[in-house]
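Here is the structure we will look at.
Each reported figure results from applying straightforward, stated rules to the coordinates on display, with no laboratory input. This one's a predicted model, so the numbers in the text were calculated from it and none came from an experiment. Note: ideal-geometry Cβ built from the backbone for every residue, glycine included; neighbour counts use all protein chains shown.
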Amino acid sequence: MADPKDKPEKQESLPFPPTPSASIAGRTMQESVYKQRVTLRRLPADAPNILIVLIDDAGPALPATFGGEVQTPTMDRIVKEGIAYNRFHTTAMCSPTRASLLTGRNHHRVGNGQIAELANDWDGYSGRIPRSSALVAEVLKDYGYATGAWGKWHNTPAEETTATGPFEEWPANLGFEYFYGFLAGEASQYEPNLVRNTTYVHPPKTPQEGYHLSEDLADDAIGWPRLLGEYTKLLGTKTPGTGATQKSRME
């Protein structure tokens, strides 16, 4: 008889309802029956890991992977192992493009008509993604993926990026269980203002010791799955900023 946990579960709306208890509570301990509840598997056994790489300020024809002149052998390898799309609607700005990519909706529909620093009270420009528009990370997390994001975020109103929050528009509250990067539109490649989840942290070493932001982000992203365990399905997003150099092994 097949294990019910091995049958992927589908749902018309998310999140999934909680799995009811399999135990029966009687009036006394003797009359009660304890049984461990079984949560149905919501992903097939061969569900793939997912890696999204968003590079700001780079035209689609820049890398050799898509016909440009900049040699990007790592990107060539990633494309050969996955799926490449040749049509993507960009907005020519950071925050709107990222919001559209993560929600699958027009940037004005998700409050990101312009960059986060210019968020205001006009409809479509608040800088806040409405909870009626789920991010891809939230959907995949509901299905059982572990979700993480690294690098540039730039989708939180500037006045909400202080060390004391509020944190509602930070990655940790928008579907990503883990975040390591920076919240603003740009950062120093050598002395960045870094955030891990909802806490500001210092870089692990100084520029004199060889620190470089892109390398740090890549190392952290590579190490994260090992902490989760071999069989965890992953959604990882890497969104480099506008620094002059990019040394990441993931790009």
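Of note:
- Sites N173 and A22 - FRET efficiency at Förster radius 25 Å, r taken between beta-carbons, to 0.05: 0.20
- The range 116-132-the range 78-103 distance, computed between alpha-carbon centres (Å): 20
- Loop-resident chymotrypsin sites (Phe, Trp or Tyr not before Pro) (DSSP state other than H, G, I, E or B) in the range 20-104 with no more than 10 further Cβ atoms inside 10 Å of their Cβ: Y34, Y85, F88.
- HN-Hα J in Hz across the range 152-164 - Karplus 6.51, -1.76, 1.60, θ = phi - 60°, x for Gly and Pro: 7, 9, 6, 10, 10, x, 4, 6, 9, 9, 6, 5, 9
- Positive-end residue of L43, Q71, S32, charge dipole of the range 31-78 with Cβ unit charges: S32
- Computed from backbone phi with θ = phi - 60° and the Karplus coefficients 6.51, -1.76 and 1.60, the 3J(HN,Hα) list for the range 194-209 is 9, 10, 10, 6, 10, 10, 6, 9, 8, x, x, 7, 8, x, 5, 8 Hz; x is used for glycine and proline.
- When both bridge partners sit in the chain, DSSP labels roughly 25% of those beta bridges antiparallel.
- In this label model, N86 and R196 are separated by 4.4 nm, measuring between points 7 Å along each Cα→Cβ vector.
- Taking the Cα centre of the chain as reference, the dipole from Cβ charges on Lys and Arg (+1) and Asp and Glu (-1) amounts to some 960 debye.
- Cβ-based charge dipole, the range 50-239, positive-most Cα from P157, L135, A92: L135
- Trypsin sites (Lys or Arg not before Pro) restricted to the range 123-167 and DSSP loop, no more than 16 other C-beta within 10 Å: R131
- Estimated FRET transfer efficiency when R0 is 51 angstrom, pair L118-V38 (beta carbons, to 0.05): 0.55
- Taking amide H atoms as placed 1.01 Å from N in the peptide plane, the amide H of A149 lies under 5 Å from those of Y178, F179, Y180, T237, each 5 or more residues away in sequence or on another chain.
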